[in-house]
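Everything on this sheet refers to the single structure shown next.
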Amino acid sequence: LVAEAPTLDPSLSEVDLLMARYAAGDDRCFAALYDLLAPRLYTFLLRRTHDRARAEDLVQQTLLQMHCARARFLPGAHVLPWMYAIAHRLAIDSFRRERREVPTSPRRDGHGHGEIADEVLEAKQLAENIGRELERLPDSQRIAFELVKLEGLSLKEAAESLGTTVTSVKLRTHRAYEAIRSVLGDVLKGPA
Amino acid sequence: MTTHPDLPSHELKEKLLARVRDTPRLSTSQFRARAVVILALALSLSAAFFYWRGGLRQAPRPTILVLETALGAFVIATITWWTALGRGGSMVGRPARVLVSLAVLTPVALFLWKVIWSTQDAGMMGAWSERPGFRCLYLSLATGIWPLLAMLALREGTDPNHPAVTGAAMGVAAAACAWVFVDLWCPVAYVPHLMLGHVLPMAILGSVGALLGRFLLRVRRI
């Protein structure tokens, strides 16, 4: 499908090219877009909601929004910052609507620790500690940190997604990183 | 069939694809044609109100002054319109600081442009006791509301970050468009008149745009 988009800038990512083709009227591209976007979107939303059903609902809503806005898509625009901006907004609205605080407990994925090797268990506990520290951060710092460090967006893309400047994202990410490091410093340094 | 804990369920894709099939949307080229019609209709309504309630009125201004002020206002309005309605190549829209600057600087630029050129001609800045500015205020609002509604319709449900700020910038852009029309009709450059009849409607339409934008431009559940 992507190979059929010769008129667009070749430096664009596969997702950007697919969305451009979908916006131009090629309905086949939506399934391919889903395959590329849904897993990372789900991971992002699961980290925020800790609730599989809610995360799936928000994945569906986010991708539906993108479908509904296909006519207004700008060929050459980046899809990921847009997708994360929609997902972030819908997640906030979802929490507000249900008048429920973001749970601070680690995510409930239904998997026990019973037979996991010690190293794996330690790694998992470390991840949970980091997750807990992330939960304690202000929302602006946490989302910037997640987009840059966990979702792999560039500073420019994260700034676009959050509607702010690159400097602000850099600052928020740095503060989040420092906060985590100050609490988990000894663990992060690892064995001497 | 089991699902990996870090992946969405298999049913989600089928459910989503079915919803997408059930809610067909226009392609970009189809939408572009519709956008041109909507904008043309809005500007036609503005022009119709302008000719119905005002129309071109030169006297007592020299022709060159009318051309200078109207052409300058047209250029400023065009830049404002392009900035407010465009998204700067990003699907998320322009940064809030750009839109806020636009909403603040446009009235200042239009006001200064009008005053600076009017001071060049003797008597143009004098007080007009019978023209406090209410008719200009009404005409500005009546001609500016249509472009604002058109812009909001074209960008409905597409701003996840700052819909109120985008709406305010659109309101000011629509008011800048109205300024061009009203400038062709109103010969008064007396500062209190300009503030009431020309600058105040920009603030009003900016506020209306912010209010409507907050509800119409924001991303909502489908």
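The values are calculated or read from the model by the stated rules, or taken from the named source; none is laboratory data. Quick caveat: nothing in here was measured; it's all calculated off a predicted structure. All Cβ positions, glycine included, derive from the backbone under ideal geometry; neighbour counts span all protein chains shown. All accessible areas refer to the heavy atoms of the entire protein, side chains included, with ligands and DNA or RNA removed. Shrake-Rupley method; radii C 1.70, N 1.55, O 1.52, S 1.80 Å.
Take the residues of the range B:97-114 that are within 14 Å of chain A (Cβ to nearest Cβ) and open to solvent by 30 Å² or more (accessible area, probe 1.4 Å): which is farthest from the chain's Cα centre (by Cα)? Step through it out loud before you land on a result.
If we filter the range B:97-114 for residues that are within 14 Å of chain A (Cβ to nearest Cβ), which is where we start, we get B:97-101.
Still in the list and also open to solvent by 30 Å² or more (accessible area, probe 1.4 Å): B:97-98, B:100-101.
Working: B:R97: 17, B:V98: 15, B:V100: 13, B:S101: 14 Å.
So, considering only residues that are within 14 Å of chain A (Cβ to nearest Cβ) and open to solvent by 30 Å² or more (accessible area, probe 1.4 Å), the one farthest from the chain's Cα centre (by Cα) is B:R97.
Of B:L41, B:L71, B:L56, B:L16, which residue is open to solvent by less than 90 Å² (accessible area, probe 1.4 Å) and either without any contact (Cβ under 8 Å) to a residue 12 or more places away in the chain or of a type in the set (A, V, I, L, M) (or both)? Steps first, answer last, please.
Numbers: B:L41 fails: open to solvent by less than 90 Å² (accessible area, probe 1.4 Å); B:L71 fails: open to solvent by less than 90 Å² (accessible area, probe 1.4 Å); B:L56 fails: open to solvent by less than 90 Å² (accessible area, probe 1.4 Å).
Sole residue among the options that is open to solvent by less than 90 Å² (accessible area, probe 1.4 Å) and either without any contact (Cβ under 8 Å) to a residue 12 or more places away in the chain or of a type in the set (A, V, I, L, M) (or both): B:L16.
If B:A169 satisfies all but one of (1) more than 11 Å from the chain's Cα centre (by Cα); (2) within 14 Å of chain A (Cβ to nearest Cβ), what's the number of the condition it fails?
Checking B:A169 against (1) more than 11 Å from the chain's Cα centre (by Cα); (2) within 14 Å of chain A (Cβ to nearest Cβ), the one that fails is (1).
If you check B:W82, B:W117, which single one turns out to be more than 18 Å from B:G206 (Cβ to Cβ), assigned to a helix (DSSP H, G or I) and open to solvent by 70 Å² or more (accessible area, probe 1.4 Å)?
Values: B:W82 fails: more than 18 Å from B:G206 (Cβ to Cβ).
Just a single option satisfies the conditions, and that option is B:W117.
From the list B:D183, B:D159, pick out the single residue that is within 14 Å of chain A (Cβ to nearest Cβ), among the acidic types (D, E), more than 12 Å from the chain's Cα centre (by Cα) and open to solvent by less than 20 Å² (accessible area, probe 1.4 Å).
Working: B:D183 fails: within 14 Å of chain A (Cβ to nearest Cβ).
Selected residue: B:D159, the only one of B:D183, B:D159 that is within 14 Å of chain A (Cβ to nearest Cβ), among the acidic types (D, E), more than 12 Å from the chain's Cα centre (by Cα) and open to solvent by less than 20 Å² (accessible area, probe 1.4 Å).
Is it the case, given these coordinates, that B:G133 is surrounded by 14 or more Cβ atoms within 10 Å (Cβ to Cβ), over 29 Å from B:A35 (Cβ atoms) and in contact (Cβ under 8 Å) with a residue 12 or more places away in the chain?
Numbers: surrounded by 14 or more Cβ atoms within 10 Å (Cβ to Cβ): yes; over 29 Å from B:A35 (Cβ atoms): yes; in contact (Cβ under 8 Å) with a residue 12 or more places away in the chain: yes.
Against the criterion (surrounded by 14 or more Cβ atoms within 10 Å (Cβ to Cβ), over 29 Å from B:A35 (Cβ atoms) and in contact (Cβ under 8 Å) with a residue 12 or more places away in the chain), B:G133 qualifies.
Please go through the range B:164-186 and pick out each residue that is of a type outside the set (A, V, I, L, M, F, W, C) and either outside any helix (DSSP H, G or I) or modelled with pLDDT under 95 (or both). Give the steps one after another, and end with the answer.
Start the filter on the range B:164-186 by keeping residues that are of a type outside the set (A, V, I, L, M, F, W, C), which leaves B:166-167, B:171, B:183.
B:D183, the sole residue that qualifies.
Hey, among the residues in the range A:63-97 that are buried (at least 23 other Cβ atoms within 10 Å of the Cβ) and small (G, A, S), which one's farthest from the other protein chains (Cβ to nearest Cβ)?
A:A87
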